[in-house]
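**Q** There's a structure below that I have some questions on.
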2 protein chains.
Amino acid sequence: MAHERETQALDRVAGRLSWDQETMMPRGAVEQRAEEMGAMQAMLHARKTDPQVGEWLEDARAPDAAGAAQLRLIAHRYARLTRVPADLTRELASLTSRSQSQWAAARADDDFAAFAPTLEEVVRLKREEGAALADGGDVYDALVDDYEPGARAADLAGIFDDMRPGLVELRLAALEGAERAPVSGRFAPEVQVALARELAERFGYDLNRGRIDMAVHPFSSGSGDDVRITTRVSENDPFNCLYSTIHEVGHACYEQGIDPAYHMTPVGQGVSMGVHESQSRIYENQLGRSRAFCEFLYGRMCDEFGDIGVPDAEAFYATVNRLHRGYIRTEADEVQYNLHIMLRFELERALIAGDLQVRDLEAAWNDRFKADFGYEVDRASNGVLQDVHWSVGLFGYFPTYSLGNVYAGCLHASLRADLPDLDEHLAQGDPSPATIWLRDKVQRHGGLYEPREVIERACGERPTAGPLMAYLKEKFGGLYPG
Amino acid sequence: MAHERETQALDRVAGRLSWDQETMMPRGAVEQRAEEMGAMQAMLHARKTDPQVGEWLEDARAPDAAGAAQLRLIAHRYARLTRVPADLTRELASLTSRSQSQWAAARADDDFAAFAPTLEEVVRLKREEGAALADGGDVYDALVDDYEPGARAADLAGIFDDMRPGLVELRLAALEGAERAPVSGRFAPEVQVALARELAERFGYDLNRGRIDMAVHPFSSGSGDDVRITTRVSENDPFNCLYSTIHEVGHACYEQGIDPAYHMTPVGQGVSMGVHESQSRIYENQLGRSRAFCEFLYGRMCDEFGDIGVPDAEAFYATVNRLHRGYIRTEADEVQYNLHIMLRFELERALIAGDLQVRDLEAAWNDRFKADFGYEVDRASNGVLQDVHWSVGLFGYFPTYSLGNVYAGCLHASLRADLPDLDEHLAQGDPSPATIWLRDKVQRHGGLYEPREVIERACGERPTAGPLMAYLKEKFGGLYPG
């Protein structure tokens, strides 16, 4: 465990270096930084795959449940890293360091064909990697496991297939309703950031153990006592800054909320992408976009910005939650977001299974999009080329976004049952009863339990899509009577 | 060299982590960061003392002069690190991580006796370390070697002894002159920082490969394409910000100016503290506080701040260069600074030699101060407790400050001889002829030559205190006719 603790500390340093790269690093330092990061990763890989670690694992006996979880997580990582041949790991690292810029160029040109050969190579290597990891099991499952330990694609497909018809229907009904106007007015960047900071603290983000900076794509990073978030500012759209901040605060509060006894150990971090996303989503959507909190936020925004072109809190609530036609996943609302994910999940699963070829991917994307969204993709940058994930080999990551939404739905139903007067607090700008509930039920455990077990313990039953769908129907049915 | 390149990259990461600690780190992350830094240092120590490195060094043959310098630097580091027993290294690290806060507490209480037992322990361990490093040679020389490779205390003492009477005399004569008033007016922090940024660029700092942040104690960090500086702002004293920025820019330009072929190698860094300080001092003092540059800066400050309470450029020059009575090294002017250093040099040399006991240190300090400065130290925080260095085991560091001044004096005389019309450029706010000269003669070589050799090659003769003393006499004799 002393060796592991040092490994964890070095992992934190590598994470801080990535943060620096996105926020502080001078433009001219790109190449030097790649070399620094490569050296960190090579050193960490060597530590984590040291045969000595394998020997220790064979002899180790856990003194208690937390110790057992530590050993399980270390053994899982050791098996994961040692199963993949070193040559393949190198080949993948080398390819994905080049492929991202090729994807960016192809996206700028709306030219999928230009990127297809590179993507074919990425898919080929990821299938090889998955096969090495799967050890005879399902190859795609083995890739998902990197982001959502223990999740199985067949289970995910079952959940998603149940949701899809309801979401398509809800989408159509909601879009038939009147289009809500966006806000209007002047939203000074420094006032947006000050308000975002206030909201971050209201949602429980401890700035004594964190900080907020600007970045092109907002993210959260770090764990324990140094958990930093970033945001961005769009002068015409204050919700971009405010809600991305609340989203990242959800991630950050998860990391800050973990029992300090687990700091600098494998258990001392969020357990999976899905559970992480459940926290960011419930903070952003179920709490932050609730009618009660919108009442508060409407008042605060009028204080800060004067007339924002919205007559009252109810109209503000509708504006914050409005559905609109669009192509881009990251700009999608609570309903349509999941349709975006399911599309990617099915396509990437078929790619890895070998049932879909990269040369047919764009057509498959466009067909599926038409079926779910009702209109045609107009260009590749609005379609198959919009996300960076596949270009850097992130296969198996997408489903964790919707799984996070499903988990958030379950947690929200449970916490509402436990906190009947939550809305009164939210209307005063005080989400703390909910965030304290989440810290107690989910966050403090870190990696102590398997991901699905965390949600099951918090809610008292196995997670299903039922609560999320009920919430969405109530919210968007009520907002937009078709 | 591939192994060494990775070591260098990891060293850069550790340096970046220190920068983060002083500029960005949340207050609550102190303990976690100590653990992260400890893990980085342990990992780096293990890499640098790996017996494999020793074997490689035995077999290695350099292909050229640069390769020979690389091997020399790696071998020097390997010998330095492997000579000190691991137990002693650990003991020193543990002690100095605690002793700094004890020093800070004692300084706050003006109570040297409270700190003396800890300092005794530091001195004892540093003497042990020095003896292990010296391998039969002079113990203090072995400690100096960490900061100024190849320097010998006897030579330094010779230089300093030659300078001391002249400095004491100059100090007295200058203080008899009229006291110059400081500037007055309002100096808005953001305007100070903008002007500091402008000055940084005028002095050649490449902001595309660097950045400027705030810190309590300004410093420069990094090398190659990521060299960052910090500054601080005092609302009543704009020179604090402006001249500390020019000082740090001198350090940063040295690192940025090294031949890119040496990046990420041992040669790709400033060769010693003394040569580093020669760059920061010549930028700050010989160039930045020159009559010609003051002419430009006076105009710029009037543009930015309006009436600054100084009637003309000549009075501004006198203000920027005024001598005043004081106890604190870091606030001292070009003349008195060296007296502060010589005092510390002699005392620490005697401590390490065993000729002075810690219990007698405060009295020795106060006696020497009275002799050189002419008045009594009023309290320990203005005397023996003012600097952090000894508390963290930095014995042998102080003399490099004055050595840097001596080197700056030599370089300045040479560059003035080569650039007869430099003042015309400086008066236009353009130090580039001088900074280009310094890059060509000094900076680009990095660690290719031994420190003293760098100066000798740049100036065409062995460095002595003569040029510095002549410069000081001319400048401060002329400023203050006694």
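**Q** Over what distance in Å are the Cα centres of the range A:217-287 and the range A:1-54 separated?
**A** One Cα centre to the other: 21 Å.
**Q** Over the protein assembly as shown, what is the percentage of antiparallel beta bridges among all DSSP beta bridges, to the nearest 5?
**A** 50 percent
**Q** Considering only DSSP states other than H, G, I, E and B, which GluC sites (Glu not before Pro) in the range B:213-286 qualify as loop sites with at most 15 other Cβ atoms within 10 Å?
**A** Hits after loop and neighbour filter: B:Glu235.
**Q** With a sphere of radius 13 Å drawn around the Cβ of A:Asp237, what net charge do the other residues whose Cβ falls strictly inside it have (Lys, Arg +1; Asp, Glu -1)?
**A** Spelling it out: positives minus negatives among the neighbours equals +1.
**Q** Another question, if that's okay. Run the dipole for the protein assembly as shown about the Cα centre, Lys and Arg Cβ at +1, Asp and Glu Cβ at -1, nothing else charged, and hand back the magnitude in debye, nearest 20.
**A** The dipole of the protein assembly as shown has a size of about 240 debye.
**Q** Right, here's the next one. Other chains' Cβ within 10 Å of B:218-227 residues: what's the mean?
**A** Mean shielding by partner chains, rounded to a whole number: 3.
**Q** With a 10 Å radius around each residue's Cβ, average the other Cβ atoms per peptide and rank A:309-316, A:258-265, highest first.
**A** With the highest mean Cβ count within 10 Å placed first, the list reads A:258-265, A:309-316.
**Q** Here is a follow-up. List the distances, in nm to one decimal, from the label point of A:Ala188 to the label points of the same position in every other copy, shortest first, placing each label point 7 Å from Cα along the Cα-to-Cβ direction.
**A** Result, one decimal in nm: 1.3.
**Q** Here's another thing I want to ask about it. Relative to the other copies, what are the label-point distances for A:Gly306, with labels 7 Å from Cα along the C-beta vector, expressed in nm at one decimal and sorted shortest first?
**A** Those label-point separations list as 2.8 nm.
**Q** Which distances in nm, rounded to one decimal and ordered from shortest, link the label point of A:Leu419 to the equivalent label points in the other identical copies, with labels set 7 Å from Cα toward Cβ?
**A** 6.4
**Q** Residue farthest toward the positive end of the dipole of the protein assembly as shown, with Cβ of Lys/Arg at +1 and Asp/Glu at -1: which of B:His263, B:Ala196, A:Ala196?
**A** Farthest along the dipole direction, towards plus: B:His263.
**Q** Ok, one more. Mind putting a number on the dipole of chain B about its Cα centre? Charges go on the C-beta only, +1 for Lys and Arg and -1 for Asp and Glu, and I need it in Debye to the nearest 20.
**A** The calculation lands at about 200 debye.
**Q** What is the local net charge at B:Ser381, summed over the other residues whose Cβ is closer than 10 Å to its Cβ (Lys, Arg +1; Asp, Glu -1)?
**A** Around B:Ser381, the charge tally is -2.
**Q** Sticking with this one: Can you grab the distance from the C-alpha centre of the range A:437-476 to the C-alpha centre of the range B:129-174, Å, no decimals?
**A** 67 Å
**Q** Would you please give the residues with an amide H less than 5 Å from that of B:Met214, counting only those at least 5 places away or on a separate chain, with H modeled from the backbone geometry?
**A** Distant-sequence amide H within range of B:Met214: B:Thr231.
**Q** Would you tally the net charge around A:Gly393, using a Cβ to Cβ cut-off of less than 12 Å, leaving A:Gly393 out, and scoring K and R as +1, D and E as -1?
**A** Result for the neighbourhood of A:Gly393: -2.
**Q** Here is a further query. So which GluC sites (Glu not before Pro) in the range A:330-390 are both in a DSSP loop and have at most 15 other Cβ atoms within 10 Å of their Cβ?
**A** A:Glu376
**Q** From other protein chains only, count the Cβ atoms within 10 Å of every residue's Cβ in B:120-129, then give the mean.
**A** Counting other chains' Cβ atoms within 10 Å and averaging over B:120-129 gives 0.
**Q** Using 10 Å bins from zero, what percent of all Cα-Cα pairs in the range B:99-482 falls into each bin?
**A** 5, 22, 32, 28, 11, 1, 0
**Q** About the Cα centre of the range A:1-151, what is the dipole size in debye to 20, counting +1 per Lys and Arg Cβ and -1 per Asp and Glu Cβ, all else neutral?
**A** Using only the charged Cβ atoms, the result is roughly 340 debye.
**Q** What does the helix-only formula give at 222 nm for the protein assembly as shown: each DSSP H stretch with n ≥ 4 adding -39500 (n - 2.57), the total divided by the residues, and the result rounded to the nearest 500 deg cm²/dmol?
**A** Calculated mean residue ellipticity at 222 nm is -20500 deg cm²/dmol.
**Q** Helix by helix through chain A, keep the DSSP H runs that span 24 Å or more along the axis on Cα and average at least 0.5 on Kyte-Doolittle, and give those back in order.
**A** Once both thresholds are applied, what remains is A:153-176.
**Q** Continuing with this model, one more query. Just to check I understand the Karplus step: with θ = phi - 60° and J = 6.51 cos²θ - 1.76 cosθ + 1.60, what whole-Hz values come out for the range B:223-229, glycine and proline as x?
**A** Listing the rounded values in order: 8, x, 9, 9, 10, 10, 10 Hz.
**Q** Using the Cα gyration tensor of the protein assembly as shown, with a ≥ b ≥ c the square roots of its eigenvalues, what is the shape: rounded (a/c below 1.5), prolate (a/b larger than b/c) or oblate (neither)?
**A** prolate
**Q** Shielding of B:204-211 by partners, i.e. mean partner chain Cβ atoms within 10 Å per residue?
**A** Counting Cβ atoms of other protein chains within 10 Å of each residue's Cβ and averaging gives 3.
**Q** Got a sec? Charge dipole of the protein assembly as shown, +1 on Cβ for Lys and Arg, -1 for Asp and Glu; which of A:Gly446, B:Tyr449, A:Tyr327 is way out at the positive end?
**A** Farthest along the dipole direction, towards plus: B:Tyr449.
**Q** In addition: Restricting to DSSP loop positions (anything but H, G, I, E, B) with no more than 11 other Cβ atoms inside 10 Å of their own Cβ, which trypsin sites (Lys or Arg not before Pro) remain in the range A:381-445?
**A** Qualifying residues, ordered by number: none.
Bear in mind that the values in this text are calculations on the coordinates, not laboratory data. Please read these numbers as outputs of a predicted model, since none were measured by experiment. Note that each Cβ is placed from the backbone with ideal geometry, even for glycine, and that neighbours are counted across all protein chains shown.
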